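Have a look at the structure below before the remarks.
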Amino acid sequence: MNGVRVGKRIIGAEAPVTIGWENVPKVEGGPVKQFVFTWFQPVMLVALIGFWYYAPNSIATATTAITLGIAFKILLLGLEWVSPRFTSWRLTWKEFAVDLFYVGMGYTVVRLIGSYIGSDFMTGAVQGAFEWDKFVWFLGLPLLLQAFLISFIFDFGQYWMHRGMHNWHPLWLTHAPHHYITQLNINKGAVGNPIELFLIGLGIGGFFDFLPRAALLAGSLGLAVSIYQHINVRFNTPNWWRYVFNTTEHHSVHHSQDFEASRSNYSATWIIIDRMFGTCVDGEAELLGMEGGRPMPIRETMVYPFTEGWKSLKERFRRNPAPAVPAE
């Protein structure tokens, strides 16, 4: 397998990866189906932004956001059966049960830990230590601009955290279990070790004062864009959307069994960040995972950073034994 040169790298030398939008299959069917699966993503984004911009304060609450998020996931779960990207990614009951375990863990254990030592805690500690005022000027910006900046700044931090996870071994140990998934579906973003799920959620947005409505609008951007990272739906995505936003195609390349392909497309929402730093690869991949597509059991996922970290330490000390003390 020769692969394709993308920038300075050869993509697809170890596992099949489709490179270039012109080589990605389109949705087949009549004009109505093609229209729906071409404009579904942009329309949902505009609808969610419009809802949070105009909704009265009595409705614009975190509870509403959670309810909409769950309803949107159910809708996308249905679309996975109507227009699957790959039939090999079809969800089974066993896979669904495992995914629900990780979703539940994210909403309970990871969220509880984050409330004590997460972004808000660290931001407060830094501000208290240095007696910094928050950037109150941020409140004077137009509401939509605040939302855009919150989303972009948070994703910029996620980009570097995610890229660090692929380039620094201690962080990679926490992230590796997520790369053992062998298919993409609506709940696969929750699959991984709790340490990784906590780290990837850290952000710097808390340094800014912003209106609660701006936070909800920023959340709608994430819901209407980054949710498509892990989804088994074939869209005829408009090229302008693919240029600016992350897509299932981008993220499938990131999860490819090909090593070089997996070191690309790190952003969660704004793929333009990857374009800025030369890590974007346009295309898609069907064969996902590691070790030839070996699924990782839940128990191994929970202990992987510790067991593999211990193995790495032992191997390092084996290669570099302590120098012998000369006899007196």
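Values quoted throughout were computed directly from the atomic coordinates according to the rules given, and no laboratory measurement underlies them. None of these values were measured; they are calculated from a predicted model. Don't worry about glycine lacking a Cβ; one is built from the backbone with ideal geometry, like all the others, and counts go over all protein chains shown.
Observations on the structure shown:
- Each stretch of four or more DSSP H residues adds -39500 (n - 2.57); spread over every residue of the chain, this sum gives -16500 deg cm²/dmol at 222 nm.
- When each of Leu68, Leu143, Leu112 is scored by the number of other beta-carbon atoms lying within 10 Å, the sequence from fewest to most is Leu112, Leu143, Leu68.
- Taking the average, over residues, of other Cβ atoms within 10 Å as the packing measure, peptides 39-48, 189-198, 170-179 rank 189-198, 170-179, 39-48 from highest down.
- Net charge over other residues, Cβ less than 13 angstrom from the Cβ of Glu22 (K, R count +1; D, E count -1): -1
- Counting beta carbons within 10 Å around each of Glu286, Glu28 and listing the fewest first gives the order Glu28, Glu286.
- Separation in nanometres of the label points that stand 7 Å from Cα toward Cβ, at Leu144 and Phe317: 6.0
- Pairs of Cα atoms nearer than 8 Å and 6+ residues apart set the relative contact order; for the chain it is 27 percent.
- Within a straight-line Cα-Cα reach of under 17 Å, Lys94 can be paired with the following lysines, leaving aside sequence neighbours fewer than 8 residues apart in one chain: Lys188.
- Computed magnitude of the charge dipole of the chain (debye, nearest 20; Cβ of K, R +1, Cβ of D, E -1): 320
- Under 12 Å, Cβ to Cβ, from Tyr266 - net charge with Lys/Arg +1 and Asp/Glu -1: +1
- Projected label points at Glu14 and Trp81, each 7 Å from Cα along the beta carbon direction, are separated by 3.7 nanometres.
- For the pair the stretch 138-196 / the stretch 254-275, the C-alpha centres are spaced 11 Å from each other.
- Cα gyration tensor, the chain - rounded (a/c under 1.5), prolate or oblate: oblate
- Counting neighbouring beta carbons within 10 Å and listing from fewest to most, the residues His251, His230 come out as His230, His251.
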